[in-house]
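This report refers to the structure that appears directly beneath it.
The values are calculated or read from the model by the stated rules, or taken from the named source; none is laboratory data. Nothing here was measured: the structure is a model prediction, and the numbers come from that model. When we count neighbours, we look across all protein chains shown, and the Cβ atoms used for this are built from the backbone with ideal geometry, even at glycine.
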Amino acid sequence: MLKRKWVSPVSFAIAAVAFFFSFLNLTYYSGSVSTVSGLELATGAHTLNSVFEELIESASQPATLLFYKSAGLNYFAIAAILLATGGMVLSLLFFLQQEMLLGIIGLAGVFAMLLMRLQIDSQWAILSAVTIKNLLKIEYSFGYWTAIAFFLVAGLSNLSVYIDQLNTPRKRYSKRLPE
């Protein structure tokens, strides 16, 4: 039971730390590679925007400007990092584990990560008819997959504990009357 107690906070902590690692590998037409971390996606830091600025300069097209303007903050990345941090803090603060709540937080983190990917892919699909799409290749890397994996571990392990608690018969204590 002691080992199970630490699965949730450690999983949420690893998912939060994964945001410091590379989420996206961007391979340019020239062969150079740039990486974008999860924090840069969540904060809209200039690394991701500078990639699109460079592509806009190399091939200025109206669709490119539309993609560049919408490539700032990724709200699903913000939600995912808040869920990871909140899940870690809540799992450390609760003396009586609230497995159902932590399980939902973990699975919501997976959902936010998948929606983040969907948002990036749909923004990138805007450029599918434009020649600029051939100038840049986007791949999801280590940090992204690590965050998803540990959100899943946290969510499923907490739901497993919750289901085990539901299936375990509870002991009934009765007061015996003195005879």
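Can you confirm whether Thr43 is under 21 Å from Met88 (Cβ atoms) and either modelled with pLDDT of 60 or more or loosely packed, with under 14 Cβ neighbours inside 10 Å (or both)?
On the way: under 21 Å from Met88 (Cβ atoms): yes; either modelled with pLDDT of 60 or more or loosely packed, with under 14 Cβ neighbours inside 10 Å (or both): yes.
Yes; evaluated as a whole, the condition is true for this residue.
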### Query
Restricting attention to the stretch 99-113, and to residues there that are surrounded by 21 or more Cβ atoms within 10 Å (Cβ to Cβ) and either without any contact (Cβ under 8 Å) to a residue 40 or more places away in the chain or charged (D, E, K, R) (or both), which single residue is nearest to Val7 (Cα to Cα)?
Glu99
## Note on the structure
Flagged in the stretch 95-111 as closer than 15 Å to Ser11 by Cβ and either aliphatic (A, V, I, L, M) or out of contact with any Ser or Thr (no Cβ under 9 Å at 6 or more places or on another chain) (or both), in numbering order, are Leu101, Leu102, Ile104, Ile105, Leu107, Ala108, Gly109, Val110
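Conditions tested, residue by residue: (1) at pLDDT 85 or above; (2) closer than 25 Å to Thr27 by Cα; (3) in a loop (DSSP other than H, G, I, E, B).
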{"site": "Ser50", "(1), (2), (3)": "no, yes, no"}
{"site": "Ile56", "(1), (2), (3)": "no, yes, no"}
{"site": "Leu65", "(1), (2), (3)": "no, yes, no"}
{"site": "Tyr68", "(1), (2), (3)": "no, yes, no"}
{"site": "Leu73", "(1), (2), (3)": "no, yes, yes"}
{"site": "Leu92", "(1), (2), (3)": "no, no, no"}
{"site": "Met113", "(1), (2), (3)": "yes, yes, no"}
{"site": "Gln119", "(1), (2), (3)": "no, yes, no"}
{"site": "Gln123", "(1), (2), (3)": "no, yes, no"}
